[in-house]
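Heads up: the structure comes next, in structure tokens.
The values are calculated or read from the model by the stated rules, or taken from the named source; none is laboratory data. Keep in mind the model is a prediction, meaning the values are calculated, not measured. Cβ coordinates were reconstructed from backbone atoms using ideal geometry, including for glycine residues, and neighbour counts include every protein chain displayed. Each accessible area value is taken on the protein alone, full model and side chains, heavy atoms only, with ligands, DNA and RNA left out. Shrake-Rupley method; radii C 1.70, N 1.55, O 1.52, S 1.80 Å.
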Amino acid sequence: MSDLLTSYEGILLKKLMSGDKSAFTIIFTKYYQSLVKFSFSFMHDADAAEEIVQEVFYRLWENREHIAVSSSLKSYLLKSVQNRSLDSLRHTDVTGRYASFVLAHPILSHNDTENYVLFSELEDKLSSAMDKMPVQFSEAFRLSRFEKLSYEEISTRLGVSVRTIEVRISRALDLLRRELKDYLIALFWMWLTFFD
């Protein structure tokens, strides 16, 4: 049975690598739901998990001619989803930390004009991004990152469940991640400068 599965996967891989769309559809249909569940175990956010798996499949198709599967296709996809999920969590954490920093330090006493301009631009972008998101998301985010309240304290203050607060902050971080993606280098620079 295992040999048959491996053989079947091998045929699918060869077809995929040659640009066969039907092979891609079969692979997508076969593994999509289980990969979303796997990503959700890291992300705890259904939308983020689906987005990650869709990106993994997109990259699978885009790089189909250079796929290097050493064990099984399923293992390859699981590893890809795991790596992308962990990358996303790291990026979200970085974005959240620097968004918190900008909110807590609206004016810097810094002599370096170039750094001040960079900081000011990032501050404007963050403010704009916060204005674009639903009030419930930005409010929960500010209470967590700016006022340093726990999820339980925010839950009590806003009169909603802790799970609702988790979802709101997660969505806020996801929106910030998208809005500030072009400022990742600046965020890392600020991390090194102000948190070292």
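Summary of computed values
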quantity: Residue within segment 25-32 that is over 30 Å from Leu176 (Cβ atoms), without any contact (Cβ under 8 Å) to a residue 12 or more places away in the chain and polar (S, T, N, Q) present; calculated: yes
quantity: First in segment 38-58 and farther than 9 Å from Ser85 by Cα and of a type in the set (D, E, K, R), second anywhere and in a helix (DSSP H, G or I) and open to solvent by less than 50 Å² (accessible area, probe 1.4 Å), Cβ under 7 Å, 6 or more apart; calculated: Asp45/Ser170; Glu50/Val36
quantity: Members of segment 116-135 that are at pLDDT 85 or above and under 20 Å from the mean Cα position of the chain (by Cα); calculated: Lys132, Met133, Pro134
quantity: Contacts under 9 angstrom Cβ, first residue in segment 160-181 being in contact (Cβ under 8 Å) with a residue 60 or more places away in the chain, partner of a type in the set (Phe, Trp, Tyr) and open to solvent by 60 Å² or more (accessible area, probe 1.4 Å), 6 or more apart; calculated: Glu166/Tyr151
quantity: In segment 128-144, residue most open to solvent (accessible area, probe 1.4 Å) [restricted to those that are outside any loop (DSSP other than H, G, I, E, B) and over 15 Å from Leu158 (Cβ atoms)]; calculated: Lys132
quantity: Count of segment 153-172 residues which are more than 20 Å from Met43 (Cα to Cα), open to solvent by 50 Å² or more (accessible area, probe 1.4 Å) and assigned to a helix (DSSP H, G or I); calculated: 3
